[in-house]
Structures are given as structure tokens and as C-alpha cells.
Amino acid sequence: MNTRRENTTLSFERILFFSDAVFAIAITLLVLEIKVPHIPHETLSEAAVRHALVELLPKFAGFFFSFFIIGLMWIEHHRIFRFIGDYDMGLVWRNLLFMLFVAFIPFPTAMFSEYFLSTTAFILYVAGFATAAALKAWIWHHAAARRESLIVADVDDATIREIARRSWAVPIVCGVAMLAAIFVGPFGGFAFPFIPLVANLLGRSAKEAKAEA
């Protein structure tokens with residue numbers, strides 16, 4: 001019996017190790033898109049170096065935005081799996097789909113960094129994050145629907161609702177950013193820093209609902 005329990009624990013930990021590895025690789029790939037500019041020796045000067053760095057600003061912006069959002073999704077993923085004590089194949093497949101889109105993020109980041117004035121590139125960029133975050137919310141929805149078998153025993157209803165609501169912060173902000181991009185161009189990325197604020201507001205609404213109950 002102990003051997004079976006140990007095997008289950010090991011299998012569950014492998015899901016987490018695999019997820020953390022995908023997050024780490026995706027973040028590493030982001031910075032690899034920033035290439036050191038090549039300046040011919042005959043034109044090398046301080047002004048040329050500064051000009052080359054200025055031209056890299058869109059790539060730096062893409063890196064910081066993507067690192068920030070991937071980091072937030074990793075934190076939420078970590079928070080979710082603190083309350084999940086077991087797994088089934090539904091959870092495994094949902095997590096795998098989530099990892100698929102996390103691993104995909106470096107491509108739309110590179111696309112948007114290269115064509116930062118393109119609304120199409122920006123929408124692709126934001127849609128990648130929104131899809132990944134929605135899949136993360138789907139993981140928690142699946143676990144909550146099978147609460148008795150997947151979620152640890154001491155998690156109350158309010159915590160389940162709070163996590164479920166917080167999971168939608170990135171899709172909501174990405175949706176606003178896409179709408180902004182359609183009307184004002186690809187500058188909706190300035191909405192991204194509001195993701196923690198939206199997450200906290202959604203989490204607070206769940207806590208207030210509990211207090212009123």
C-alpha cells in the first residue's frame with residue numbers, strides 16, 4: 001500500500017517538475033531572441049552603439065512583458081497545485097495543453113518584437129497569453145469539479161472560488177488589450193501591468209462574498 005502511494009506521489013511530482021521545466025525553458029527562449037547587434041568595425045562609435053540599442057527596445061519590451069506574464073502564470077500555477085493533492089488523466093491532459101501554449105509564447109513574442117507596430121502581431125501575441133491563461137483556469141475548474149478526489153481535504157469553498165476567479169485575470173486584461181489594439185493600435189500592452197491588480201480585485205470579491213454569506 002505504501003509503495004502504491006509513493007508511486008502516486010512520484011507521478012504527481014513529475015507533473016510539477018515537467019511544468020516547471022517548460023516554464024523555465026520558455027522564459028530562457030525569450031532572452032535568446034535578443035541578439036547582440038552587429039556593428040561594422042569601420043562604423044563603430046558610441047553613437048552607433050546607442051542607436052543599435054535603441055533599435056532593440058521593442059525586443060527588450062517584448063522580453064519584459066512576456067517574462068512578467070509567464071512569471072504571473074507560473075505563480076498562479078504554483079498556487080493552484082498547492083491545493084491539488086492527486087491527479088487523473090483529465091488533469092494531466094489539461095496541464096499538457098497549458099504547457100503547449102506556455103512553450104508557444106516565445107514565437108508570438110518574437111513576432112511582436114520584430115513587428116511591434118503591427119496590430120495583427122500584437123493580437124497574436126495577446127491571444128497566446130489569453131489562451132494559455134484560460135487553459136490554466138480550466139485545470140482548476142476540472143480539479144474543483146472533482147474536489148473529493150483531487151483537492152486536498154482542508155480547502156474550503158471560498159478558497160476554491162477565489163482561485164477560480166483569480167485565474168481569469170490574465171484573460172480579462174488580454175481581452176481589454178486586444179480591444180484597445182483594434183481601436184488604437186498595438187499599444188494595448190500597457191494594460192499588462194494591471195494584471196496583479198485585476199487578480200487581487202477578483203480574489204477580494206470572492207472573499208467579500210464569503211463574508212456576506
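Taken together, the values in this text are just the output of simple stated rules run on the coordinates, not laboratory data. In this text, all values refer to a predicted model and were calculated from it rather than measured experimentally. Ideal geometry is used to build each Cβ from the backbone, glycine not excepted, and the neighbour counts take in all protein chains shown.
Observations on the structure shown:
- Furthest towards positive pole of dipole, Leu97, Phe192, Ser113, structure part the chain, Cβ charges: Leu97
- Estimated dipole of the chain in Debye, rounded to 20 [Cβ of Lys and Arg +1, of Asp and Glu -1, Cα centre]: 340
- Karplus-derived 3J(HN,Hα), 6.51/-1.76/1.60, for each residue of region 74-80, Hz, glycine and proline x: 5, 4, 5, 4, 4, 5, 4
- Among Asp156, Asp88, a tally of other beta-carbon atoms within 10 Å of each Cβ gives an order, fewest to most, of Asp156, Asp88.
- Taking only the C-alpha atoms of the chain, Rg followed by Dmax gives 20.4, 73 Å.
- With helices as the sole contributors, the chain gives -26000 deg cm²/dmol at 222 nm; each DSSP H run of n ≥ 4 counts as -39500 (n - 2.57), and the sum is divided by every residue.
- Computed from Cα positions, the angle between helix 89-104 and the longest principal axis of the chain comes to roughly 10 degrees.
- Segments 32-44, 131-143, 95-107, 75-87 sorted - mean Cβ within 10 Å per residue, highest first: 131-143, 95-107, 75-87, 32-44
- GNM flexibility winner over the chain from Gly62, Gly71, Gly128 (Cα, springs under 10 Å): Gly71
- Formal net charge of residues neighbouring Ile151 (Cβ-Cβ distance under 14 Å; K, R +1; D, E -1): -2
- For Ile151, nonlocal amide neighbours, meaning residues 5 or more places apart or on other chains whose placed amide H falls under 5 Å from its own, are Gly85.
- Only the Cβ atoms of Lys and Arg (+1) and of Asp and Glu (-1) were treated as charged; on that basis the dipole of region 1-126 about its Cα centre amounts to roughly 340 debye.
- For the residues Pro193, Pro58, Pro108, a GNM of the chain with alpha-carbon springs under 10 Å puts the largest fluctuation on Pro193.
- Cα-based helix-to-principal-axis angle, 157-166 vs the chain, degrees rounded to 10: 20
- Charge-dipole axis of the chain as Lys and Arg at +1 and Asp and Glu at -1 on Cβ define it, positive-most pick from Phe129, Ile15, Leu29: Ile15
- Between helix 195-212 and the chain there is an angle of about 20 degrees, using the helix long axis and the longest principal axis of the Cα atoms.
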